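The values are calculated or read from the model by the stated rules, or taken from the named source; none is laboratory data. Predicted, not measured: the structure shown is a model, and the values here were computed from it. FYI the Cβ positions are ideal-geometry reconstructions off the backbone, even for glycines, and counts take in every protein chain you see. Each accessible area value is taken on the protein alone, full model and side chains, heavy atoms only, with ligands, DNA and RNA left out. Shrake-Rupley method; radii C 1.70, N 1.55, O 1.52, S 1.80 Å.
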Amino acid sequence: MNKEIALLTKVDCSHLSIQKDFEDEFTIGDPSSGEFLQVPQVAVDVIELLNGRNTIEEVCEIANEKYNEDVDVIDFVMTLLEYGLVLSIDGETLKPEIKREAHPLFQKLGSFFFSKALVALYGISCLAVLFLFVIHPPLFPKFKDLFVYELVGISTFNIVVAAWILTIVHEFGHFLAASKEGISSLIRLNLRMIWLVAETDMSGLWAKPRSKRYIPFLAGMMWDVVIILICLAVQLTTKNELLIAYSKLIVFLTLFAFLFQFIIFLRTDLYFVVSNWKNTSALHQNSLMYLQKTFLKKEMPDWEQLPEHEKKNAVWFGFLYGIGGIIAITLFFYFQAPAILYGLTTVYHSITLYGIESFYFWDSVLVLAVFTLQAIIWLFGLRTSMKERKAERRTVEA
């Protein structure tokens, strides 16, 4: 941003949110752009003075008098500019295209679906699902529940369509819960290890008090348990075979997505819940430093510079990596590997046993087409993941 900053310049940062983290540590940021910084008390005082009416010179005079030392306001403003945290300079808005408020319709829907009564109902639904699995073990999904039809190709296409519909529903839950708090969010594709996921960017929530963040973080899982409960009820109350088959498919896919959130080192929904609870935005990075230092015996100079409470959080969270790893392996070998093996074996037999005039041959070709489509979508997720890693490296270097 090539803007001249001089003593008579008037800078407006009144849009920034300010949240206190610790005694002399604050998180400031723009909830609309998702850019946040941790700063000391003096920076907060300067930001409150940068209201678009005071000149830089006036801000310097007030800050210097309060702290009895020279406060480099111009340098701080340049840092804010670099991170895109300045609203306007001399009355000129820098990024007028940024959408700063959630749509009123989505705010109303979010207020309804995540009212206190419905949130309590979601909690009861979770307990009801656990209860049904305990008293009716056959209700727990098995990999063959994925194959609603005998033809693997049609079943595979069916799985992909159902999975993406459920994913959109899950993310829309996050979207509405964030909208309730007035936060404009964005749904995008990303990678978590080998898994392609859709995620809702709710960075603006860091502008809200910690207590206001939990429901948006858990919103997708809340809707997941309701979907599972409805499908279990269908299995227990109807004799329609096709309806039962589809309900089993949905339970399988939704339960996998729900349990996936417990692999918290992949920065899933529960990772952000834990991060919010521990009041740290660098839990993942700090824990990686701890694990590399402890098990790989790498030198980590940044580790020694961490505050004591961040070190304790990193050590505690580091042990959860092992638990998350066990969950990841279990999910792969129980939910995914048998289904993939069954599907590929069936496709191989169909292609080798039947000619191109057979419907079974083209059904197998459909499986390959679906896998190709998934691979293309996976590449989009990879692109987002690579962009995130580059951004993280730039932040570290800065």
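Numbers below:
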quantity	calculated
Per residue accessible area in Å² of the chain, where ligands, DNA and RNA are left out and the probe is 1.4 Å	55
Whole-percent carbon and sulfur share, accessible surface of the chain, 1.4 Å	64
At most 12 other Cβ within 10 Å, DSSP loop - trypsin sites (Lys or Arg not before Pro), region 231-273	LYS239
Among (1) 94, 57, 42; (2) 65, 53, 43; (3) 83, 50, 44, the entry derived from the coordinates for Cα extents along the principal axes in Å	(3)
Cleavage-rule hits, trypsin sites (Lys or Arg not before Pro), region 292-332, DSSP coil, Cβ neighbours within 10 Å at most 16	LYS297, LYS298
Charge dipole (the chain, unit charges on Cβ, about Cα centre) - positive-most of THR79, HIS170, ALA102	HIS170
Pairwise FRET efficiency - THR330 versus PHE359, Cβ, R0 = 35 Å, nearest 0.05	0.45
Amide N of region 288-313 lying under 19 Å from the label point, which is placed 7 angstrom from the Cα of ALA282 along Cα→Cβ	288-294, 298-313
Sparsely packed trypsin sites (Lys or Arg not before Pro) within region 66-130, loop by DSSP, other Cβ within 10 Å at most 12	LYS99
When each of LYS180/LYS208; LYS10/LYS180; LYS20/LYS312; LYS208/LYS293 is checked by Cα-Cα distance, pairs over 23 Å	LYS10/LYS180; LYS208/LYS293
Packing rank of 366-373, 8-15, where each peptide gets the mean count of other beta carbons within 10 Å, highest leading	8-15, 366-373
